[in-house]
1. When only residues in the range A:24-36 that are touching a helix residue (DSSP H, G or I) at 6+ places or on another chain (Cβ under 8 Å) and more than 8 Å from DNA strand C (Cβ to nearest atom) count, which is farthest from residue A:89 (Cα to Cα)?
2. With respect to residue A:103, is the statement that it is more than 19 Å from the chain's Cα centre (by Cα), more than 7 Å from chain B (Cβ to nearest Cβ), modelled with pLDDT under 90 and more than 17 Å from residue B:109 (Cβ to Cβ) true?
3. Residue by residue through the range B:9-22, note down the ones that are more than 8 Å from DNA strand D (Cβ to nearest atom) and touching a helix residue (DSSP H, G or I) at 6+ places or on another chain (Cβ under 9 Å).
4. Just to be sure, is residue A:39 within 29 Å of residue A:88 (Cα to Cα), away from chain B (no Cβ under 13 Å) and free of Cβ contacts under 8 Å to residues at least 40 places away in the same chain?
5. Output the number of residues of the range A:50-70 satisfying the condition of being at negative phi and touching a residue at least 12 places away in the same chain (Cβ under 8 Å).
6. So residue A:91 ticks every box in (1) surrounded by fewer than 12 Cβ atoms within 10 Å (Cβ to Cβ); (2) under 17 Å from the mean Cα position of the chain (by Cα); (3) more than 16 Å from DNA strand D (Cβ to nearest atom) but one. Which box is left unticked?
7. Given the conditions (1) at pLDDT 90 or above; (2) touching a helix residue (DSSP H, G or I) at 6+ places or on another chain (Cβ under 8 Å), report the number of the one that residue A:79 does not fulfil.
8. Please give the number of the condition residue B:63 fails out of (1) closer than 20 Å to residue A:125 by Cβ; (2) exposed (fewer than 14 other Cβ atoms within 10 Å of the Cβ); (3) within 14 Å of DNA strand D (Cβ to nearest atom).
DNA sequence: TATACACCTTGTAGTCGCTACAAGGTCAAG
DNA sequence: CTTGACCTTGTAGCGACTACAAGGTGTATA
């Protein structure tokens, strides 16, 4: 299986696959006579894992850790759970931040909706330090 | 007022201020004899505006637009409102994405909480394509 | 006066996770 | 024999900073 085919199968670009190889999260496959990368099903599985973790927002660093744990079948589960839980915490924080931000944006916009011309209240809200 | 003082006042690093100047969102201040940047209160106000907009998640490009509108006191309000509203839309989308992601992470972790050893269900959830 | 130290200057490179592009090699079909 | 799709490598760009190097300035103290 060549890189383009694998890319289509996984829904990523060929460049991304090469990037994962450079980054050391995807093993270098054997090469054909023409020096083309030649992937097998285990590469596809690995790439799938990486993509799913990325889609869930795990960083490359975290994914490296997850892969290490995943490869050590014996004593993985607890450590994996810890990583995933830490990540969930980060996601929760991000959501909370964005919700606070949304409240503020809405407050700003409510004021502006009253049709005030001339001096724009949104601009003023930005200029003054209305405490984030 | 020198760059360090302004930085402390605004809660950013001096490098960030120089970056804003390079990017053209903060005007180049006059220089002292020693070639130090010499800021006045209007710079502080401008920097405040930028920081507040950044904290609200506006991109530098958006901020450039906001500043242009803010500087044209006459016909700003409607355009500003539109920008802010578009931004609110983006924030809403981000929150929805993160919430979907959180649901998935939680589902993964619930399975793992049952104390399964050996074959970790979190790893399996990542390996299989449990439909994001 | 010397010197130590905090502060300033410029320019360059690194961060993250790709993405884009250039310049060239390979292979099958028409 | 040429076209076109695919592959190769290497390098540079994105956004919003951040870090660092190498050097100049200003002030307080020994």
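The values are calculated or read from the model by the stated rules, or taken from the named source; none is laboratory data. Keep in mind the model is a prediction, meaning the values are calculated, not measured. Virtual Cβ from ideal backbone geometry, glycine too; neighbours counted across all protein chains shown.
1. Of the range A:24-36, the ones touching a helix residue (DSSP H, G or I) at 6+ places or on another chain (Cβ under 8 Å) are A:24-29, A:36.
Checking the rest, the ones that are also more than 8 Å from DNA strand C (Cβ to nearest atom) come to A:24-29.
Numbers: A:24: 27, A:25: 24, A:26: 27, A:27: 30, A:28: 34, A:29: 36 Å.
That would be A:29.
2. Details: more than 19 Å from the chain's Cα centre (by Cα): yes; more than 7 Å from chain B (Cβ to nearest Cβ): yes; modelled with pLDDT under 90: no; more than 17 Å from residue B:109 (Cβ to Cβ): yes.
So residue A:103 does not fit the description; no.
3. Kept after step one, since they are more than 8 Å from DNA strand D (Cβ to nearest atom), are these residues of the range B:9-22: B:9-11, B:14, B:17, B:21-22.
The answer is B:9, B:10, B:11, B:14, B:17.
4. Details: within 29 Å of residue A:88 (Cα to Cα): no; away from chain B (no Cβ under 13 Å): yes; free of Cβ contacts under 8 Å to residues at least 40 places away in the same chain: yes.
It is false that residue A:39 is within 29 Å of residue A:88 (Cα to Cα), away from chain B (no Cβ under 13 Å) and free of Cβ contacts under 8 Å to residues at least 40 places away in the same chain.
5. Residues of the range A:50-70 at negative phi: A:50-56, A:58-70.
The next check asks that each one be touching a residue at least 12 places away in the same chain (Cβ under 8 Å); those that pass are A:50-51, A:53, A:56, A:58, A:60, A:62-67, A:69-70.
Of the residues in that region, 14 qualify.
6. With (1) surrounded by fewer than 12 Cβ atoms within 10 Å (Cβ to Cβ); (2) under 17 Å from the mean Cα position of the chain (by Cα); (3) more than 16 Å from DNA strand D (Cβ to nearest atom) applied to residue A:91, the lone miss is (1).
7. Looking at each condition in turn, residue A:79 falls short on (1).
8. (2)
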